[in-house]
Amino acid sequence: MIKVNKLFRWLSIKSKLIIAFVGLSILPIIVLSIYSIISTTRKMDDTAIRDLNHDLTLIQENTANLLANIGQDLQLIQNTLLTPQVKASLGKQDEHLNENLSGILNNELLSFVNTKKIYFQIKILDNSAIEKARVESQLPYGINNNYKIVPKKNLKQVPQLYYLLLAKNMPEGNITIAPAELRSPDNKLVPVVSFVMPVFNNDKETGILIADVFVRNLFKTLQTYKSLTPDEKVILVSGDGHYLYHSDKKNDWNKLLAAKDSVNLKNDYPEVAEELLSDKKGVVTDKTKDIIIHTPLFYNYPPGHHINVEYKFAIPLYLFAAIPKSVILTTIHRYEITFSGIVLLFLLISIALSLLATRHFTSSLSTLSKGAETITRGNYNYRVKIETRDELENLADQFNLMAKSLGEHETEIQQYKTHLEEMVNSRTKELLNEKSKLQTILDNVPSAFLVLDRDLNIQTASEAIKKITGYHLDSLLGKNCGNVFDKKGFCEKCICRNAISTNRIQTTVNRKIDENNRERYIEHIAIPINKDGKVNFVLSVITDITKRKQLENFLIKTERLAATGEIAAYVAHEFRNSLTSIKMILQLITESKNLSRSEKKSLGVALNSIGEMEDIVSRLLNFANPGPLNFQETGLDKIIEESINFVQLNLKNTGIKITKHIYTAMPVLFMDIAHFKEAFINILFNAIHSIEEKSNHYKELNKETVNEIEISVSKIILNDTLRDYKIESSIKYSDSASVNRDDYEINLQSGTECLLLQIADTGIGIDEEILSRIFDPFFTTKINGTGLGLPMVKRTINSHGGIINVESKKWIGTRFKIYIPLTFKQNTVPSYI
């Protein structure tokens, strides 16, 4: 069943009632009238088709009979008048055609046309389309024709290519027709239809026979038997759609306008042109504005019919009759107009009656609607008043009772609402206080807390997550933990997933390198949160333990270095005593006069070796027991200049070039000149040895090298914070019970003004695997090295509050960067070294 309310939900009750009244009033009239119109239209169509078919049949028989007679005439002329001798002469194009034979032919043609009276001309052409004989009427309209033979001198001696093209490749016995306009003897245009037949002699085409029929004879035949209105059209077309006759496209009997008109059947009836040019008789009632009966001109007549066709037309001919549908349906249109007026009158009457009937009903509904709107706005004391003494008045009474009940319930609800709001506000305030306390605690804990669901989606997180991971809290909520942290390699493995699967606490420590190429250690703890025996959430605790890890490594290294220092000091002390005894004995032996020259030389070598060993022992004791610092004001450029002058003696014949780029406005610093100069010279000697090692290697390979040491000093402001650990604190404070972080760590904050001293060489470079160990005491790659040079350099730089970094690539070179803060004072570091 159709639900009207769903189909017309936008209509009001009043509109629906009006539609119902109007529909019941006029729908029967509309249905009955439509049926009458359709029935009458069908009958008129059938009558028109029957009359058109009758007319077309008569016109077809007469027209076909006319054309058949003309065809028989041409066949008669070719078979009887054109003797084989004439045909042979035409084929030979004999210019000296027998005059007697020509006269006989013209006389016979003249006798033939005088008996027919429908031809304007009959002419014979040879096989090159040159005129050989012609008989023509002397009057242009074919009335009381007076035919004459055209003298030979007046015959056209040029090829008539139009007829040659028409007759070309036509089989014997075939005829083609075409409309034309010819000149009469008095130089007037004569509309004709040309019938063209090729002349054959012994299966060979020798000429062309042409009969030009007055077009009035064809028109007269086609214009008969029109039983309908003058609007009925009769049309004769060729197989390619060109009109040979069109009753609407002529003005009088003397003009073949259809032949001249550029419009053809395919232009006038494009939708049905193929159907009209078919070989079957039929009716067309759709797709066009006309009703059309069509048929081939030479239809398949039954045996014994009076039309006998013994020849063939080269092009098919089609005949059809048509009448405009508008002419037939004129009466229907008038009836439709009358019916529309009646329907409109009934419609107006129905609407007026329906408005009168629904007014009483809808006014009561409007009053109820207004009351509902008033109560909706909260005025429950409003009452509607309807006095109709029917169901609507009862509905209004019930509506007023409902309003009274709603008012009472609203009062109760308001009381409950006030009490509930007080309770909610109190509880909300308590929860906010608790949440604020908890959030404050979580945000101030250095560790970051994340709560993940079973799919590892981040539900909440503490403020510390931004400091540890670099992600803002708002950008993490709702996202998958793996998709966020795994992209930057923050997690090597997912322990949260393991915690969910095993229902156990999982812990791991990940080592990573941040964007500043600094080493960081991140501790992850995944704690499963159970509910009803099932893990629903995971609490992930993330802590940056980099400083703790560095301190652990530092303390381990400190203990190892302290033990090594104590052993080294003990061994050096005992070793020095033994070396002193050996040295004294060797010196006494060298004073003997009984020694040969080779023995004295050997003793000298031994004493030099003992001297070198004493130097190593002294350096070892100095490193294990550093002496006091002697700070004084000086310029860094002065120390650099003196150090370069000291190493210049070792650069002779080496090809090593030292270049300088020194900051011009060099500030005064508090520095230990001797120790800093010693450290700077140590770096220069390392650079020289590295360049020489690379140069020697390249000489073996016959390669050239650039041997250069570049020294530069610039004043900078740090963009990032730099941190380092002191070597001296690992010895001095290794056995102390309480050690302050400032005692073992140097921290240059971002924004600190510093002097940046850089020493870059083009030497052999340092392997990446050992680059992090070059400042470790006693670590060396040299055969005769002690591993104390660069540690002493680092301790000197750290003692000045500075930091030393190194960058190196194998076979390219090494660059030392020394950062010395301009704010450094003597009392900021221990006074020893």
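The values are calculated or read from the model by the stated rules, or taken from the named source; none is laboratory data. As the structure is a prediction and not an experimental result, all values here were calculated from the model. With ideal geometry, Cβ positions are generated from the backbone for all residues, glycine too; neighbour counts draw on all protein chains shown. Surface accessibility is based on the protein's heavy atoms, side chains included, excluding ligands, DNA and RNA. Shrake-Rupley method; radii C 1.70, N 1.55, O 1.52, S 1.80 Å.
The condition (being modelled with pLDDT of 90 or more, under 30 Å from C754 (Cβ atoms) and outside any helix (DSSP H, G or I)) is satisfied by just one residue among T664, T659: T659. In this structure, I644 does not satisfy being assigned to a helix (DSSP H, G or I) and crowded, with 20+ Cβ neighbours inside 10 Å. The residues in region 237-259 that are under 60 Å from the mean Cα position of the chain (by Cα) and at pLDDT 60 or above can be counted, and the count is 10. For region 179-190, taking the residues that are in contact with a helix residue (DSSP H, G or I) (Cβ under 9 Å, 6 or more places away or on another chain) and open to solvent by 10 Å² or more (accessible area, probe 1.4 Å), the one that is nearest to L139 (Cα to Cα) is identified as E181. Taken over region 760-770, the criterion of being open to solvent by 20 Å² or more (accessible area, probe 1.4 Å) and of a type in the set (G, A, S) is satisfied by no residue.
Is it true that T705 is among the hydroxyl-bearing types (S, T, Y), surrounded by 14 or more Cβ atoms within 10 Å (Cβ to Cβ) and at pLDDT 90 or above? Here the answer is no, as T705 does not meet what is asked.
Taking residues in region 12-30 that are under 11 Å from T358 (Cβ atoms) and assigned to a helix (DSSP H, G or I), and partners anywhere that are at pLDDT 70 or above and open to solvent by less than 50 Å² (accessible area, probe 1.4 Å), the pairs with Cβ atoms closer than 6 Å and at least 6 places apart or on different chains are K14/T358; K14/T362; L17/T358; I18/S354; F21/S350; F21/S354. Only residues that are among the aliphatic types (A, V, I, L, M) and either open to solvent by 30 Å² or more (accessible area, probe 1.4 Å) or at pLDDT below 75 (or both) were counted in region 771-789, giving 2. Restricting T376, T411 to residues that are hydroxyl-bearing (S, T, Y) and within 30 Å of S15 (Cα to Cα) narrows the list to T376. Residue under question is T814, and the condition is that it be crowded, with 20+ Cβ neighbours inside 10 Å, at pLDDT below 90, touching a helix residue (DSSP H, G or I) at 6+ places or on another chain (Cβ under 8 Å) and outside any loop (DSSP other than H, G, I, E, B); does it hold? Here the answer is no, as T814 does not meet what is asked.
Yes/no per residue for (1) touching a His at 6+ places or on another chain (Cβ under 8 Å); (2) at pLDDT 75 or above; (3) of a type in the set (A, V, I, L, M):
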position: T338; (1), (2), (3): no, yes, no
position: L345; (1), (2), (3): no, yes, yes
position: A352; (1), (2), (3): no, yes, yes
position: R359; (1), (2), (3): no, no, no
position: E373; (1), (2), (3): no, yes, no
position: T376; (1), (2), (3): no, yes, no
position: N381; (1), (2), (3): no, yes, no
position: D390; (1), (2), (3): no, no, no
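Among the criteria (1) surrounded by 15 or more Cβ atoms within 10 Å (Cβ to Cβ); (2) closer than 30 Å to Y521 by Cβ; (3) of a type in the set (S, T, Y), the one T440 does not fulfil is (1).
Number of residues in region 19-68 that are open to solvent by less than 30 Å² (accessible area, probe 1.4 Å), over 29 Å from D212 (Cβ atoms) and modelled with pLDDT of 80 or more equals 1. Of all the numbered requirements in (1) more than 28 Å from E519 (Cα to Cα); (2) open to solvent by 70 Å² or more (accessible area, probe 1.4 Å), I717 misses one, and that requirement is (1).
When you check L276 against the structure, is it at pLDDT below 80, among the aliphatic types (A, V, I, L, M) and touching a His at 6+ places or on another chain (Cβ under 8 Å), yes or no? It is true that L276 is at pLDDT below 80, among the aliphatic types (A, V, I, L, M) and touching a His at 6+ places or on another chain (Cβ under 8 Å).
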